[in-house]
Amino acid sequence: MNFIEGEILHINKPLHWTSFRVVNVFRAKLCRKLNIKKLKVGHTGTLDPLATGIITICTGKKTKLIEELQKHTKEYIAEIRLGATTPSFDLETEVDAEFPTNHITKDLVEDALLKFIGSIEQIPPIYSAVKIDGRRAYDYARKNEDIELKSKKLVIDSIELISCNIPDITIRVICSKGTYIRALARDIGEALNSGAHLTGLVRSKVGDVGLDQCINMDDVDRYLEENIIIDTGFIF
């Protein structure tokens, strides 16, 4: 593989890592193996620190494909806790309100999920990287500053209920670029006349790429040793 000319590969992001950290660590290891000071490396879609799963990495000239690759549909496996909300819609923040769940049945959950299939409007989480007046939304949130986020249109191709053990449910979601699964959890809770937040998330597929085609961060050094090809005609 010629990483200087450009390659596309897929990393299984570890829990608690930021997408930025994944790119930085991979770039540092790659540059060290190639014995160069810098190389353009980017990714095609951010994953929250509390999520795991596929991050697509582009190197060299293949970084020009990032915008196109971002259009690929994505599949997520999401664990949701009904009956409680958090400001971040996940476990980053503490529960701020609790709601009844004794009225919720599996049939009600399945009916609620149907409402989110197709083209929908979604308001992003306040704890997100959405930019408002040049600042990230999470900057406002962490300083308790009030802001209003605008809804955006996105497409959810399918939602499948994998398990239902109220108050916990697990769903599989196939969706377009820009979908916030945390916001979907919030909206599912509201549709069930309750509350909800995300307790676990895995990006299990990007386009046709599954987790079985990904590199674990612990294996990056070995992977680079086995796959680097240095183009001797390249002038550093």
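Just so it is clear, none of the values below were taken in a lab; they were calculated from the coordinates. Keep in mind that this is a model prediction, so the values were computed, not measured. Cβ: placed from backbone, ideal geometry, glycine included. Neighbour counts: every protein chain shown.
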(message) Taking a ≥ b ≥ c as the square roots of the Cα gyration tensor eigenvalues, with a/c under 1.5 meaning rounded and otherwise prolate when a/b beats b/c, else oblate, which class fits region 74-206?
(response) oblate
(request) Rounded to the nearest 500, what is the 222 nm mean residue ellipticity of the chain from helices alone, with -39500 (n - 2.57) per DSSP H run of 4+ residues and division by all residues? (result) -6500 deg cm²/dmol
(message) How compact is the chain by the rule of thumb for globular proteins, expressed as Cα Rg over 2.2 N^0.38 Å?
(response) 1.12
(request) Using the Karplus curve 6.51 cos²θ - 1.76 cosθ + 1.60 with θ = phi - 60°, work out ³J(HN,Hα) for each residue of region 159-173 in order, rounded to whole Hz, and write x for Gly and Pro. (result) 9, 10, 7, 7, 8, 9, 9, 3, x, 9, 10, 10, 10, 10, 10
(message) Can you list residues from other chains, or at least 5 along the same chain, whose modelled amide H is less than 5 Å from the amide H of VAL130?
(response) ALA137, TYR138
(request) Among the listed pairs LYS13/LYS143; LYS61/LYS131; LYS61/LYS153; LYS131/LYS153; LYS33/LYS177, give every one whose C-alpha distance is greater than 23 Å. (result) LYS13/LYS143; LYS61/LYS131; LYS61/LYS153; LYS33/LYS177
(message) Using amide H atoms built in the peptide plane, which far-off residues or other-chain residues are under 5 Å from PHE116 H to H?
(response) none
(request) Considering the options THR56, ASN35, SER88, tell which one lies farthest towards the positive end of the dipole of region 18-95, charges being +1 on Lys and Arg and -1 on Asp and Glu at the Cβ, about the Cα centre. (result) ASN35
(request) Please state the charge dipole magnitude for region 74-206, taken about the Cα centre, from unit charges on C-beta atoms (+1 on K and R, -1 on D and E), reported in debye and rounded to the nearest 20. (result) 640 debye
(message) Tell me the angle of helix 19-34 to the major Cα principal axis of the chain, expressed in degrees between 0 and 90 and rounded to the nearest ten.
(response) 10 degrees
(request) Tally the DSSP beta bridges in the chain and give the antiparallel ones as a percent, rounded to 5. (result) 90 percent
(request) Determine ³J(HN,Hα), in whole Hz, for all residues of region 93-100 in sequence, where each value follows from phi through the Karplus function 6.51 cos²θ - 1.76 cosθ + 1.60 and θ = phi - 60°; x replaces Gly and Pro. (result) 10, 6, 4, 10, 7, 10, 9, x
(request) For region 178-186, take each phi angle, set θ = phi - 60°, evaluate the Karplus expression 6.51 cos²θ - 1.76 cosθ + 1.60, and give the result in whole Hz per residue in order, putting x for glycine and proline. (result) x, 6, 9, 5, 4, 5, 5, 4, 4
(message) Taking the Cα centre as origin and putting +1 on Lys and Arg beta-carbons and -1 on Asp and Glu beta-carbons, what dipole magnitude results for the chain, to the nearest 20 debye?
(response) 1160 debye
(request) Would you mind checking which residues have amide H under 5 Å from ILE57's amide H? H placed 1.01 Å from N; only 5 or more apart, or other chain. (result) LEU9, HIS10, ILE11
